[in-house]
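Taking it in order: structure first as structure tokens, then the write-up.
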Ligand code: COA
């Protein structure tokens with residue numbers, strides 16, 4: 001079969017197409033179920049920590065107490081980032097979007113890795129642990145730098161999530177804040193072949209390096225149809241907050257009439273409520289109460305109004321916003337918080353891809369002209 005030489009059924013956007021086998025997570029979009037390595041997301045959120053879930057996604061089993069202690073300690077020792085990267089961050093324009101900063105800093109990490117091209121399992125595992133441990137430091141440092149504040153260095157006595165909060169805000173989190181963020185990272189840790197994960201796997205399938213795969217993934221995550229929606233959601237919620245209850249339907253109707261997408265709604269896989277929403281909604285409600293806000297109520301009202309127009313379900317980005325907003329995370333940082341969680345899933349998929357590699361390279365149907373006569377220069 002020659003490329004461009006045939007007529008076939010095209011799966012635009014690869015909708016409903018299965019392209020590989022994976023044992024990392026299972027999504028049942030019809031009944032709204034999500035499992036990581038066979039465990040229900042609800043159980044993981046209720047009984048595990050983010051560090052435990054990272055171990056699970058990478059190793060395929062839940063760690064013993066000793067394994068978890070060793071893993072946590074190992075991660076804590078890797079949190080510092082090279083001084084060259086810190087100095088470099090100070091040279092970047094403060095108005096740069098934090099997600100662009102993050103992908104740039106990760107590229108710089110690649111410049112400093114003498115074993116860049118080694119993709120053996122053991123080495124990729126080391127690099128994955130480095131990325132998991134260092135990304136929160138990069139994110140927090142950029143926040144401090146752009147605010148003109150002094151850097152707060154990682155401390156080993158705090159866990160992964162508490163330490164990130166501490167470096168970002170300059171104070172230790174309250175128990176409720178630490179739990180909320182940890183659970184939010186768990187629900188963001190993995191989600192099958194999301195566009196960013198697919199980008200990472202495509203990159204790994206060429207046997208390029210893990211940094212290239214993660215930079216590709218972050219670039220894709222940045223798009224407003226993927227993780228970028230989270231920032232846009234906050235803009236909508238701020239607008240809706242100013243409206244009277246009866247005006248919300250009008251706001252929604254106007255969007256539909258103008259054929260504008262409402263951010264935080266719709267999903268390629270879920271055709272019902274995404275199970276992560278119930279989890280985030282509960283966390284958001286607790287934080288709303290703590291901070292005297294009503295973000296979850298606004299999300300609920302918006303959902304009702306959207307569903308009056310179309311059978312569309314809210315997605316993870318809608319109900320992440322109340323959590324982030326209540327924690328005081330600026331809306332242009334939402335995508336980076338997503339990345340702090342999803343780095344686990346991305347790296348798990350990269351490892352799986354390297355282990356059983358097949359170049360990912362689909363075909364297109366050529367619809368242009370063929371066999372054109374090459375024109376002489378004066379006739380062009
Ligand atoms: N607002 C309004 N209409 C929406 C919508 C939204 N958020 N999401 C989907 N639709 C509509 C589409 O316009 C389309 O309508 P049509 O059949 O009348 O043309 C229909 O629902 C199917 O949507 P489509 O974009 O083809 O589905 P998809 O599977 O290709 O896309 C998303 C999935 C996520 C890209 C899409 O729902 C979207 O753009 N959502 C907003 C961005 C977002 O929140 N992204 C985060 C995803 S986790």
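Taken together, the values in this text are just the output of simple stated rules run on the coordinates, not laboratory data. Remember, predicted model here, so these are calculated numbers, not experimental data. Cβ: placed from backbone, ideal geometry, glycine included. Neighbour counts: every protein chain shown.
In what sequence do 238, 333 fall when counting other Cβ within 10 Å, fewest first?
With the fewest neighbours first, 238, 333 line up as 238, 333.
Counting only Cα atoms, I'd like the Rg/Rh figure for the range 308-380, Kirkwood definition for Rh. It would help to have the intermediate numbers written out before the result.
Values: Rg = 23.8 Å, Rh = 18.3 Å.
Rg divided by Rh gives 1.30.
Given axes a ≥ b ≥ c from the Cα gyration tensor, I'd like to know whether the range 44-130 is rounded (a/c under 1.5), prolate (a/b larger than b/c) or oblate.
Working: a/c = 2.43, a/b = 1.69, b/c = 1.44.
Judged from the Cα gyration tensor, the range 44-130 comes out prolate (a/c at least 1.5, a/b above b/c).
Under the rule a/c < 1.5 gives rounded, and otherwise a/b versus b/c splits prolate from oblate, where does the range 158-208 land using the Cα gyration tensor?
Since a/c reaches 1.5 and a/b is larger than b/c, the shape of the range 158-208 is classed as prolate.
How are the Cα pair distances of the range 1-77 distributed, in percent, across 10 Å bins from 0?
Cα pair-distance distribution for the range 1-77, in percent: 15, 33, 22, 16, 10, 5.
Kindly provide the helix-only [θ] at 222 nm of the chain, computed as the sum of -39,500 (n - 2.57) over DSSP H runs of four or more divided by all residues, to the nearest 500 deg cm²/dmol?
On the way: 16 runs with 216 residues, N = 380.
Rounded to the nearest 500, the figure is -18000 deg cm²/dmol.
List the equivalent ellipsoid semi-axes of the range 219-334 in whole Å, largest first, each obtained as the square root of 5λ for an eigenvalue λ of the Cα gyration tensor. Don't skip to the end; give the middle numbers.
Values: eigenvalues 77, 61, 40 Å².
For the range 219-334, the ellipsoid semi-axes come out as 20, 17, 14 Å.
Using alpha carbon centroids, what distance separates the range 280-354 and the range 138-173, in Å?
21
Taking every alpha carbon pair in the range 1-155, what does the distance histogram look like in 10 angstrom bins from 0, in percent?
8, 26, 27, 25, 11, 3, 0
From the square roots a ≥ b ≥ c of the eigenvalues of the alpha-carbon gyration tensor of the range 103-239, which class results: rounded (a/c under 1.5), prolate (a/b over b/c), or oblate?
Values: a/c = 1.76, a/b = 1.27, b/c = 1.39.
The shape class here is oblate.
Would you work out the Kirkwood radius for the range 176-253? I mean one over the mean of 1/r across all pairs of different Cα atoms, in Å.
Values: mean 1/r = 0.0661 Å⁻¹.
Answer for the range 176-253: a Kirkwood hydrodynamic radius of 15.1 Å.
Please compute the modelled spin-label separation between residue 309 and residue 118, points set 7 Å along Cα→Cβ, answer in nm with one decimal.
Roughly 5.5 nm, to one decimal.
For the range 1-103, what is the relative contact order in percent, using Cα pairs closer than 8 Å and at least 6 residues apart in sequence? Can you show the working numbers first?
Numbers: 46 pairs, mean separation 12.5, N = 103.
Dividing the mean separation by the residue count of the range 1-103 yields 12 percent.
Taking Cα pairs under 8 Å and at least six residues apart, what relative contact order does the chain come out at, in percent?
On the way: 487 pairs, mean separation 91.8, N = 380.
The normalised contact order for the chain reaches 24 percent.
If we sort 257-266, 220-229 on the protection proxy, mean other Cβ atoms within 10 Å, highest first, what's the order?
Numbers: 257-266: 15.3, 220-229: 20.0.
Order by mean packing, descending: 220-229, 257-266.
Would you calculate the separation in nanometres between label points at residue 289 and residue 64, each defined as 7 Å from the Cα along the Cα-to-beta-carbon direction?
Here the answer is 3.9 nm between the modelled labels.
What number in nm² do you get for the chain if you take the convex hull of its Cα atoms and divide its surface by four? Let's see the in-between values first.
Numbers: hull surface 96.2 nm².
Taking a quarter of the hull surface, the average projection is 24.0 nm².
Give the peptides 340-348, 63-71, 364-372 in descending order of average Cβ contacts within 10 Å, highest first. It would help to have the intermediate numbers written out before the result.
Values: 340-348: 26.2, 63-71: 12.8, 364-372: 7.6.
Averaged packing, sorted descending, gives the order 340-348, 63-71, 364-372.
Note down the relative contact order for the range 226-360 as a percent, whole number, built from C-alpha pairs under 8 angstrom at least six residues apart.
Numbers: 124 pairs, mean separation 46.0, N = 135.
Rounded, it is 34 percent for the range 226-360.
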